[in-house]
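Engineer: Let me give you the structure first, and then I'll get to my questions.
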Amino acid sequence: FLPHLVASLEDVDQTYIMIKPDGVQRGLVGEIISRFEKKGFKLTGLKLFKCPKDLAEEHYKDLNAKPFFPKLTEYITSGPVVCMAWEGVGVVASARKLIGVTNPLQAEPGTIRGDLAVQTGRNVIHGSDSPENGKREIALWFKEGELCEWTPAQAPWLRE
Ligand code: IDP
Ligand code: MG
């Protein structure tokens, strides 16, 4: 019996999900939010936001040596984004599965990128890649008071 493993199965994680400017411009906001809602995760933060350049650079700082970095920060700042915080057991990895792999042409049908996008440079959505980055990115994109703690009415129907 490994109580730490059992406990970790029940740990509630947070992930930062962002609909990129192409997703907003293409009218995909409702469609995308709906997929996370229907899955059963809990929305704890939501805003439409025009991202300043320095924030885009900070968010993607691990990629700042890549040749596509200038175009990436230009893309992210080219129009409003929808910033979201979602919470749930296993939400980080599950959201990455719902999103699909980085290149939409390789993303499985049924995933957001697989269904709704064709190019890596316009792949409509971001999702944190680890629970640590989920926390870091939520703190980066949301101010105190912008997140909402609440209990969805469906909670007892989602988990035994
Ligand atoms: P991810 O969004 O699937 O986690 P990352 O490798 O973390 O993918 O890259 C972050 C974002 O940078 C991608 O979602 C995409 O918008 C952009 N990106 C990654 N690789 C390329 C590329 O080769 N060309 C253009 N843009 C890229
Ligand atoms: Mg990434």
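The values are calculated or read from the model by the stated rules, or taken from the named source; none is laboratory data. Every value quoted in this text rests on a predicted model; they were computed, and no experiment measured them. Here the Cβ is made from the backbone with ideal geometry for all residues, glycine too, and neighbour counts use every protein chain on show.
Engineer: I'd like to check something: does the range 34-57 contain any residue that is more than 11 Å from ligand 1 (Cβ to nearest atom), among the hydrophobic types (A, V, I, L, M, F, W, C), buried (at least 16 other Cβ atoms within 10 Å of the Cβ) and assigned to a loop (DSSP other than H, G, I, E, B)?
Structural biologist: Within the range 34-57, one or more residues are more than 11 Å from ligand 1 (Cβ to nearest atom), among the hydrophobic types (A, V, I, L, M, F, W, C), buried (at least 16 other Cβ atoms within 10 Å of the Cβ) and assigned to a loop (DSSP other than H, G, I, E, B).
Engineer: Right, next: Step by step: first the residues of the range 73-97, then only those that are within 14 Å of Ile19 (Cα to Cα) and surrounded by 20 or more Cβ atoms within 10 Å (Cβ to Cβ), then the one that is farthest from the chain's Cα centre (by Cα). Which residue is that?
Structural biologist: Of everything passing the filter in the range 73-97, Ile76 is farthest from the chain's Cα centre (by Cα).
Engineer: Cβ-Cβ distance below 6 Å, separation of 6 or more or different chains: which pairs start in the range 100-118 with a residue that is on the phi < 0 side of the Ramachandran plot and assigned to a strand (DSSP E or B) and end on one that is buried (at least 16 other Cβ atoms within 10 Å of the Cβ) and at pLDDT 95 or above?
Structural biologist: Listed by first residue and then by second, the contacts come to Thr111/Gly100.
Quick grid of which residues meet (1) within 15 Å of ligand 2 (Cβ to nearest atom); (2) among the acidic types (Asp, Glu); (3) within 16 Å of the chain's Cα centre (by Cα):
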position: Ile99; (1), (2), (3): yes, no, yes
position: Thr102; (1), (2), (3): yes, no, yes
position: Pro109; (1), (2), (3): no, no, no
position: Leu116; (1), (2), (3): no, no, yes
position: His126; (1), (2), (3): yes, no, yes
position: Glu149; (1), (2), (3): no, yes, no
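Engineer: Here's another thing I want to ask about it. Pairs please, first residue from the range 43-59 and among the acidic types (Asp, Glu), second anywhere and at pLDDT below 95, Cβ atoms under 8 Å, 6+ apart in sequence or on different chains.
Structural biologist: Note: no pairs meet the criteria.
Engineer: Going by the structure shown, is Glu144 under 19 Å from Gln14 (Cβ atoms) and at pLDDT below 95?
Structural biologist: Here the answer is yes, as Glu144 does meet what is asked.
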